[in-house]
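Just below is one structure, and these are the notes that go with it.
The values are calculated or read from the model by the stated rules, or taken from the named source; none is laboratory data. If you're wondering where the values come from, they're calculated on a predicted model, not measured in any experiment. Using ideal geometry, Cβ is built from the backbone for each residue, glycine included, and neighbour counts are taken over all protein chains shown.
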Amino acid sequence: MRGIVIRLRRALALLVVGSVLVTGQAGSAAPAVARGEKIGIDEFMTGLACIESSGRFRAVNPKSGAYGKYQIMPRNWPVWASRFLHDRWAEPTPRNQEFVARQRIEQLYRAKGSWRRVAYWWLTGGDAADERKWSAHGAKYVDRVMEIVERVASPRGADRVPNRCFPAQFKEPTIRTEPRERVRVAGGSVYLRRSPGYEYRLVGVVRRGMILPVLDRGRDARGNRWLEVGLRDGRTGWVAGWLTRPSPRSRTTR
């Protein structure tokens with residue numbers, strides 16, 4: 001009788017151990033895919049876009065000036081556009097936003113090796129690998145981004161995320177050819193306009209002698225010739241053609 005009881009106890013113990021191995025812990029269901037296992041750049045970009053702009057390509061932060069779906073800072077756009085599009089003056093079109101953001105995010109992930117660290121950098125520019133050194137605001141932001149990222153990575157969670165947050169699929173960015181024509185500012189202080197014509201809002205000032213690349217040509221309502229030119233900081237604006245002279249220089253001063 002005692003031998004039978006011992007054998008029964010051993011059999012029951014084997015059943016319990018088998019249950020733990022299958023479920024991960026006694027009395028619980030089998031765990032889903034390990035946290036973060038299916039996370040790729042598409043999932044991360046979706047979470048980032050949802051938190052930054054709710055997926056809106058024309059979103060503007062009134063305080064910082066950050067623009068677009070991924071809220072790229074004005075000082076970063078010309079640098080990143082030059083690096084990834086080879087065009088400092090590339091417009092932040094939806095196609096270009098998706099391309100530039102993807103390239104920069106991939107670059108950051110290769111350097112940091114963690115989507116959480118990439119998210120923290122995107123908000124703060126900080127590079128601390130130890131999350132205990134993160135600010136409370138930054139850590140909360142990362143948690144919000146990763147919550148959506150994990151949701152998108154789950155089998156049915158993507159249905160609860162707005163379609164506009166997902167990366168738009170474009171074949172290639174819009175790349176403008178390198179400007180070949182330059183002009184020299186002939187007047188004193190010349191104001192740049194947002195569109196051809198003096199009635200449009202100012203976007204900057206250029207001074208006599210400056211060499212500027214010509215990006216486009218146009219005319220105002222009176223038929224006068226205007227030129228769209230680019231500045232070193234990535235801004236563009238229109239200047240009256242009669243206030244410039246052809247420049248003998250063949251390269252842009254960037």
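Overview of values
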| quantity | calculated |
| --- | --- |
| All positions within the stretch 159-171 that are hydrophobic (A, V, I, L, M, F, W, C) and free of Cβ contacts under 8 Å to residues at least 24 places away in the same chain | none |
| V239 being modelled with pLDDT under 90 and either of a type in the set (F, W, Y) or surrounded by 12 or more Cβ atoms within 10 Å (Cβ to Cβ) (or both) | no |
| Selected residue (criterion: nearest to A139 (Cα to Cα)) from residues of the stretch 85-114 that are without any contact (Cβ under 8 Å) to a residue 60 or more places away in the chain and over 9 Å from the mean Cα position of the chain (by Cα) | S114 |
| Within the stretch 38-61, tally of residues that are touching a Pro at 6+ places or on another chain (Cβ under 9 Å), part of a helix (DSSP H, G or I) and hydroxyl-bearing (S, T, Y) | 1 |
| Residues that are outside any loop (DSSP other than H, G, I, E, B) and surrounded by fewer than 19 Cβ atoms within 10 Å (Cβ to Cβ), drawn from the stretch 64-84 | N76, V79, S82, R83 |
| Qualifying strands (runs of 3 or more DSSP E) (wholly inside the stretch 176-232; at least 1 residues being of a type outside the set (S, T, Y) and surrounded by fewer than 15 Cβ atoms within 10 Å (Cβ to Cβ)) | 202-207, 211-219, 225-230 |
| Checklist (1) farther than 20 Å from L231 by Cα; (2) in contact with a Ser or Thr (Cβ under 9 Å, 6 or more places away or on another chain); (3) among the basic types (K, R) applied to K112, failing item | (2) |
| Any hit, the stretch 89-96, residues being among the aliphatic types (A, V, I, L, M), crowded, with 19+ Cβ neighbours inside 10 Å and part of a helix (DSSP H, G or I) | no |
| Matching residues in the stretch 125-152 - criterion: being crowded, with 16+ Cβ neighbours inside 10 Å and closer than 20 Å to N76 by Cβ | G138, Y141, V142, V145 |
| Qualifying residue in the stretch 53-61 (condition: at pLDDT 50 or above, surrounded by fewer than 16 Cβ atoms within 10 Å (Cβ to Cβ), assigned by TED's automatic domain parsing to the domain that holds T124 and among the aliphatic types (A, V, I, L, M)) | yes |
| Residue match in the stretch 186-203 (condition: under 30 Å from G47 (Cα atoms) and either of a type in the set (K, R) or within 32 Å of the chain's Cα centre (by Cα) (or both)) | no |
| Residue pairs meeting the criteria (Cβ under 6 Å; at least 6 apart or on separate chains; first closer than 14 Å to G40 by Cα, in the stretch 136-158; second hydroxyl-bearing (S, T, Y)) | V152/T46 |
